[in-house]
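Student: I am attaching a structure below and will ask some questions about it afterwards.
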Amino acid sequence: MATRSKKAFKPLPALCRSIKSLPAPKDYFKSIPGARTPLPENVLLFHRDISHRQWMIHNERKQPSFHYLYVLIISIRGEGRIIVEGNPHIVNPGQCVLVPPYQAHYYSQLPEDGFEWLFITFEIEKLPPNLRGTGIARTVPPQLPSQLETLLRAFRLALSMPERSDILIWQLAILLTTLADEGMEVPAEDRSRSSAEEKLFLRIHTLITENISSHLSTHQIAEHIGVSESHLRALFKKGAGCSLGRFQRNVRLQHAARLLTRHQMNVTEVASACGWDSPYSFSRAFHRYWGRPPKAFHPKSS
């Protein structure tokens, strides 16, 4: 009869010490209860590198990304900038940015000598408390690289064996918890590094978001910025690839989507909060932009 070769199990000394340090249970029938933490779903991993640079800067600068998923962007190699809702963040190797759903973001100043960024997109009912909020840059805890390796293996396994996707879900949940507990926040970057064109774009974005409940005329924006209306229209059209009016409407409709998904507000309240006098005209504009009516964005309808 064939005998199986057995590989001797050699426990690490540190593991032995750790086991010996376990306290004796006071009650063998009283265990630690499980935490009812929401788990991520619909997970996707992909990467971006120097071959995507031109597309990331030029295409997404004209049409910023925004969708219903969370996007975790981790810099493995190469420094770059991510603009989230008008706030620029420098992302160095070993740092990351978590972009919540329906938050416009785009990229600038990506290195010409190469970079490697990992993207993880997912849905989740509720994030760990420390991860909530508008896209914030964070440092990557020391143990995260090894967790990323495990996550990548779990993702490849799920691609070949979808029935094993539960491992991927659990690994991402662990990674998010680690990032929430040990990742340190990195302050948003000062706008002094932005180009003149980008500074104009960011100033206008800030002005619109600060007055989100009212429609600003081109004259009002030009007066605030300190340029003529014609000059403002020309500069903005060249830099953003769309008219100022369209951009302002898009920002308000993106904000409306966030209000509908995160707050207990009805359509009439959201329309008013985003500068529409009529909920009917708001609903038509919303449907044209998102392809779905406002009511479809309520949590109970998703």
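Each reported figure results from applying straightforward, stated rules to the coordinates on display, with no laboratory input. Source: prediction; values computed, not measured. Cβ coordinates were reconstructed from backbone atoms using ideal geometry, including for glycine residues, and neighbour counts include every protein chain displayed.
Student: Along the Cα-to-C-beta direction of residue 292, a point sits 7 Å from the Cα; which residues of region 256-270 have their amide N less than 18 Å from that point?
Tutor: The answer is 256-268, 270.
Student: At 0.36 nm per residue, and after removing the present C-alpha to C-alpha distance, how many nm does the segment from residue 55 to residue 225 gain when stretched out fully? Before the final figure, lay out the partial values.
Tutor: Details: separation 170, 0.36 × 170 = 61.20 nm, distance 2.95 nm.
So the chain would gain 58.2 nm between residue 55 and residue 225.
Student: Considering the chain as a Gaussian network with a 10 Å cut-off on Cα pairs, which listed residue, 89, 224, 255, attains the greatest mean-square fluctuation?
Tutor: 224
Student: Which of these, 19, 208, 124, has the largest mean-square fluctuation under a Gaussian network model of the chain (Cα springs below 10 Å)?
Tutor: Among 19, 208, 124, the largest GNM mean-square fluctuation belongs to 19.
Student: Note the count of lysine pairs whose C-alpha atoms are less than 30 angstrom apart in the chain, limited to pairs 8 or more residues apart or on different chains.
Tutor: 13
Student: Still on this structure: For a footprinting-style exposure proxy, rank 56, 265, 161 by other Cβ within 10 Å, fewest first.
Tutor: Lowest count first: 161, 265, 56.
Student: Using modelled backbone amide H atoms (1.01 Å from N, in-plane), which distant-in-sequence or interchain residues come within less than 5 Å of residue 137's amide H?
Tutor: When sequence neighbours closer than 5 places are left aside, the close amide H contacts are 186.
Student: Within 10 Å, count the other beta carbons around each residue, average over each peptide in 225-235, 24-34, and list them highest first. Kindly include the intermediate steps, with their values, before the conclusion.
Tutor: Details: 225-235: 14.2, 24-34: 6.5.
Most protected by this proxy first, the peptides run 225-235, 24-34.
Student: Please list the non-local residues whose amide H lies under 5 Å from the amide H of residue 116, H modeled 1.01 Å from N, same-chain partners needing a gap of 5 or more.
Tutor: Amide H neighbours of residue 116: 76, 77, 78.
Student: Stretched out fully, how many nm does the piece from residue 281 to residue 20 gain, at 0.36 nm a residue minus the Cα gap?
Tutor: Numbers: separation 261, 0.36 × 261 = 93.96 nm, distance 6.84 nm.
Computed gain between residue 281 and residue 20 is 87.1 nm.
Student: How long is the gain from residue 213 to residue 237 if the chain were fully straight, where each residue apart is worth 0.36 nm and the alpha carbon distance is subtracted?
Tutor: Values: separation 24, 0.36 × 24 = 8.64 nm, distance 2.36 nm.
Stretched fully, the residue 213-residue 237 segment lengthens by 6.3 nm.
Student: Report the FRET efficiency, 1/(1 + (r/R0)^6), for residue 28 and residue 161, where r is their Cβ-Cβ distance and R0 is 45 Å, rounded to 0.05.
Tutor: On the way: r = 37 Å, r/R0 = 0.83.
For residue 28 and residue 161, the calculated efficiency is 0.75.
Student: Would you work out the relative contact order for the chain, in percent, from Cα pairs under 8 angstrom that are 6 or more residues apart?
Tutor: Numbers: 425 pairs, mean separation 46.4, N = 302.
Normalised by residue count, the contact order of the chain is 15 percent.
Student: Moving to a separate point now. I'd like the distance between the alpha-carbon centres of region 218-237 and region 114-159, rounded to an integer number of Å.
Tutor: 40 Å
Student: Provide the three semi-axes, in whole Å and in decreasing order, of the ellipsoid equivalent to the chain as defined by the square roots of 5 times the Cα gyration tensor eigenvalues. Before the final figure, lay out each step's value.
Tutor: Details: eigenvalues 383, 117, 64 Å².
Semi-axes (√(5λ), whole Å): 44, 24, 18.
Student: Amide H of residue 104 versus every other amide H placed in the peptide plane: which residues, excluding those fewer than 5 positions away on the same chain, fall under 5 Å?
Tutor: Placed amide hydrogens put 85 under 5 Å from residue 104.
Student: Could you go through region 69-84 in sequence order and give the Karplus-derived ³J(HN,Hα) for each residue, using 6.51 cos²θ - 1.76 cosθ + 1.60 with θ = phi - 60°, rounded to whole Hz, and x for Gly and Pro?
Tutor: Karplus values, whole Hz, x for Gly and Pro: 9, 6, 10, 9, 10, 10, 7, 8, 8, x, 8, x, 10, 10, 9, 10.
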